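Asker: My questions all concern the structure below.
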Amino acid sequence: MSVRDDVLEILDDSRGSFVSGTELAARLNVSRTAVWKAVCALKSDGYNIEVSRHGGYMLAPDSDILSDIIIKKYLGDASSFYTLDVRDTVGSTNAEAKRLASDGAAEGYTVIAGRQTGGHGRFSRQFHSPDGGVYISVILRPSLSPADSVLMTAAAAVAVAEAVEAVSGRSASIKWVNDIVVDGLKVCGILTEAALSVETGMLDYAVLGIGVNVTEPSDGFPDNLRGIAGSLFSRTDASADARSRVTAEVLSRFRGYYAHLGERTFLDEYRRRSYLIGECVTVHSGSSSTPARVLGIDDSCRLIVEYDDRTTATLGSGEVSVRKTAKL
Ligand code: BTN
């Protein structure tokens, strides 16, 4: 780690209290000038660091910056799998990760941003990606057929739902196939995009994209998302490192499921957290909308539905979208 990273780690551990330059220099075995340069670098990266008249430094308690150092602190053993590339704002982390993957970036390379200006979701829909959220794209190189790529999305959905509960204490459901719902509002969307190897017919790489609304955006949600999108915390009740912590909790849990993807260790939990099983829905496919009841989710993460005429069908996530309707 660099002196900058070491200084940030110590200031974060003492967040809200001053640490003297002398103590920092002694603990890191560097000069006070090196500490000062590190603090200047952190400040120019946007960290809110106060400097006391007596030469002490303090990371402000409410300094909410997405940081690779803080994410790594919470990542634990999974840290060795990931290479974190944390940015302030990007067009789309998925687009950036796809570009890097096709240039040869290794599995585990992860682009993380605090805002996206061109985030996208399923069926090329726009994904609103304001401040307060965290937008994550992980490059994966699994030995998987295209049909099985939905397993990555489903494993990630369980990882996010568990992470949401661990950090916010609020219970999270999974709306097949890729949305996380808290109190009836969507707090996260997941989009896995992949490139095929023409020789093998298997995936060359996949990019797993996850967008979580951690804190309410500073301008609120736009009118078209009111009553649809929600966030884990209000602007006043999130801890300063909430976005870094959510990121780490998601990534470490996903790593565990991904290591045994073929065994589907996530699947029982995916079904248990289903927002749709037993519910009445409308199945949208092309221009048609058909009412149905959801019976279950099969081992390939397809939705099993029963239509009003009692016929059943298994639906793949690439073909249809499903909306919950009120029970009659
Ligand atoms: C959806 O709701 O349809 C899926 C939304 C997926 C959004 C994430 S945010 C990180 C990554 N970058 C993108 O442009 N999209 C995904």
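Computed from the coordinates by the stated procedures, all read-outs in this text should not be read as laboratory data. On a predicted model such as this, the values are computed, not experimentally measured, just so you know. Using ideal geometry, Cβ is built from the backbone for each residue, glycine included, and neighbour counts are taken over all protein chains shown.
Asker: Scan region 12-43 for residues that are without any contact (Cβ under 8 Å) to a residue 40 or more places away in the chain and in a loop (DSSP other than H, G, I, E, B) and jot them down.
Answerer: N29, V30, S31 - these are the residues of region 12-43 that are without any contact (Cβ under 8 Å) to a residue 40 or more places away in the chain and in a loop (DSSP other than H, G, I, E, B).
Asker: May I pose another question? Which residues, counting only those in region 258-285, are under 27 Å from R323 (Cβ atoms), in contact (Cβ under 8 Å) with a residue 60 or more places away in the chain and either within 12 Å of the chain's Cα centre (by Cα) or assigned to a helix (DSSP H, G or I) (or both)?
Answerer: Passing the criteria: L267, E269, Y270.
Asker: Please tell me if S317 is among the polar types (S, T, N, Q), on the phi < 0 side of the Ramachandran plot, under 24 Å from the mean Cα position of the chain (by Cα) and not in a loop (DSSP other than H, G, I, E, B).
Answerer: Numbers: among the polar types (S, T, N, Q): yes; on the phi < 0 side of the Ramachandran plot: yes; under 24 Å from the mean Cα position of the chain (by Cα): yes; not in a loop (DSSP other than H, G, I, E, B): no.
Judged against the criteria, S317 is not a match.
Asker: While we're on this one: Say whether the condition of being more than 22 Å from S171 (Cβ to Cβ) and surrounded by 24 or more Cβ atoms within 10 Å (Cβ to Cβ) is met by at least one residue in region 246-254.
Answerer: The answer is no; no qualifying residue exists.
Asker: Need pairs with beta-carbon distance below 8 Å; first residue touching a residue at least 12 places away in the same chain (Cβ under 8 Å) and surrounded by 13 or more Cβ atoms within 10 Å (Cβ to Cβ) and within region 180-198, second of a type in the set (V, I, T) and assigned to a loop (DSSP other than H, G, I, E, B); sequence gap 6+ or separate chains.
Answerer: From residues that are touching a residue at least 12 places away in the same chain (Cβ under 8 Å) and surrounded by 13 or more Cβ atoms within 10 Å (Cβ to Cβ), the pairs are L185/I228; K186/I228.
Asker: From the list Y47, Y82, which one is under 19 Å from L24 (Cβ atoms), of a type in the set (F, W, Y) and in contact with a strand residue (DSSP E or B) (Cβ under 7 Å, 6 or more places away or on another chain)?
Answerer: None of the other options fit; the residue is Y47.
Asker: Does L144 satisfy the criteria of being of a type in the set (A, V, I, L, M, F, W, C), away from the ligand (no atom under 16 Å from the Cβ), crowded, with 18+ Cβ neighbours inside 10 Å and not in a helix (DSSP H, G or I)?
Answerer: yes
Asker: I've got another one for you. Yes or no: region 236-253 includes at least one residue that is farther than 14 Å from A163 by Cα and in contact with a strand residue (DSSP E or B) (Cβ under 7 Å, 6 or more places away or on another chain).
Answerer: Yes, some residue in region 236-253 is farther than 14 Å from A163 by Cα and in contact with a strand residue (DSSP E or B) (Cβ under 7 Å, 6 or more places away or on another chain).
Okay, residues lined up against (1) in contact (Cβ under 8 Å) with a residue 24 or more places away in the chain; (2) away from the ligand (no atom under 12 Å from the Cβ):
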| residue | (1), (2) |
| --- | --- |
| R53 | no, yes |
| D85 | yes, yes |
| G91 | yes, no |
| D103 | no, yes |
| S129 | yes, no |
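Asker: Identify, please: which residue in region 201-229 is within 12 Å of the ligand (Cβ to nearest atom) and not aliphatic (A, V, I, L, M) and is, among those, surrounded by the most Cβ atoms within 10 Å (Cβ to Cβ)?
Answerer: Applying the first criterion (within 12 Å of the ligand (Cβ to nearest atom)) to region 201-229 yields 207-213, 225, 228-229.
From what is left, the residues that are not aliphatic (A, V, I, L, M) are 209, 211, 213.
On the way: G209: 29, G211: 26, N213: 27.
Among those that are within 12 Å of the ligand (Cβ to nearest atom) and not aliphatic (A, V, I, L, M), it is G209.
Asker: Quickly run through region 105-121 and pick out the residues that are surrounded by fewer than 22 Cβ atoms within 10 Å (Cβ to Cβ), touching a residue at least 40 places away in the same chain (Cβ under 8 Å) and part of a strand (DSSP E or B).
Answerer: H120
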